[in-house]
Amino acid sequence: MTDQDPQGQAPQPEDGGTAQNTAPQQPRLQILAQYVRDLSFENVVAQRGLNGADVTPEIAVQVSLDARKRNVDHQYEVICKFRVSSKNTADDSNLFLCELDYGGVFQIEGVPDDQLHPFLMIECPRILFPFIRRIISDTTRDGGFPPVNLDPVDFVSMYRQELARRAAAERPADTQLS
């Protein structure tokens, strides 16, 4: 049931009907595009002709992120760079190298300026990660190796580590711990 006055009319705001909703705008995120910006796979085992019996792989994953404002209002591009390498633990020789730069274009509105950078560096990569994981898995499998299924990436922890690294780099050299 709605609130109505005795004459059956809905109540009007005291300012003559021009009351504005003062609630803060909810963040709004829209994915406009996703794409492979660069993909490279190097199968060193096949190039060298190594015997599979002599191989004990060790996988290393490096992740870096980049974000920039586009020329259109409220649009941002986020690039996730993954470098997955495998070395033979027996002789430290390279087995394969997979490098992927995966981008997304996002329309973001309603995020306060002071929260925009963490939003771009945490939430956007989190959305892109399942696609990145699939591409790397498919690429390593198609390259002749068992598929590499990346563990989930803690983008919050990465962001905090980067902030701490930048803060340490900004401190004068005489105040840094050895």
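The values are calculated or read from the model by the stated rules, or taken from the named source; none is laboratory data. Since we're looking at a predicted model, the values are computed, not measured. Neighbour counts run over all protein chains shown; Cβ positions are idealised from the backbone, glycine included.
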- request: Go through segment 86-115 and give me each residue that's in contact with a Pro (Cβ under 8 Å, 6 or more places away or on another chain) and part of a strand (DSSP E or B).
  value: Ser86, Lys87, Asn88, Leu95, Ile108, Glu109
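When only residues in segment 56-85 that are among the hydroxyl-bearing types (Ser, Thr, Tyr) and at pLDDT 95 or above count, which is farthest from Ala33 (Cα to Cα)? Reasoning before the result, please.
If we filter segment 56-85 for residues that are among the hydroxyl-bearing types (Ser, Thr, Tyr), which is where we start, we get 56, 64, 76, 85.
Next, only the ones that are at pLDDT 95 or above stay: 64, 76, 85.
Details: Ser64: 20, Tyr76: 11, Ser85: 28 Å.
The residue in question is Ser85.
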message: So Phe145 ticks every box in (1) surrounded by 11 or more Cβ atoms within 10 Å (Cβ to Cβ); (2) at pLDDT 95 or above but one. Which box is left unticked?
response: (2)
- request: Run Ser137 past the list (1) more than 16 Å from the chain's Cα centre (by Cα); (2) at pLDDT below 95; (3) part of a helix (DSSP H, G or I) and report the number of the one that doesn't hold.
  value: (2)
query: How about segment 137-148: which of its residues are touching a Pro at 6+ places or on another chain (Cβ under 8 Å) and under 17 Å from Gln62 (Cα atoms)?
result: Ser137, Thr140
query: Can you spot a residue in segment 116-128 that is within 17 Å of Ala60 (Cβ to Cβ) and either touching a residue at least 12 places away in the same chain (Cβ under 8 Å) or in contact with a Pro (Cβ under 9 Å, 6 or more places away or on another chain) (or both)?
result: no
statement: Only unsatisfied item for Ile136, checking (1) of a type outside the set (D, E, K, R); (2) surrounded by 18 or more Cβ atoms within 10 Å (Cβ to Cβ); (3) touching a helix residue (DSSP H, G or I) at 6+ places or on another chain (Cβ under 6 Å), is (3)
message: Considering only segment 23-33, I want to know if a residue exists there that is within 30 Å of the chain's Cα centre (by Cα), modelled with pLDDT of 95 or more, among the charged types (D, E, K, R) and in a strand (DSSP E or B).
response: no
query: In the set Gln107, Gln161, which member is without any contact (Cβ under 8 Å) to a residue 12 or more places away in the chain and within 19 Å of the chain's Cα centre (by Cα)?
result: Gln161
task: Take Phe129 and decide whether it is among the aromatic types (Phe, Trp, Tyr) and modelled with pLDDT of 95 or more.
output: yes
message: Report every pair of residues separated by at least 6 positions or lying on different chains whose Cβ atoms are under 6 Å apart, first residue within segment 73-97 and within 15 Å of Val55 (Cα to Cα), second in a strand (DSSP E or B) and aliphatic (A, V, I, L, M).
response: Ser85/Ala60; Ser85/Leu97; Ser86/Ile59; Ser86/Leu95; Asn88/Leu95
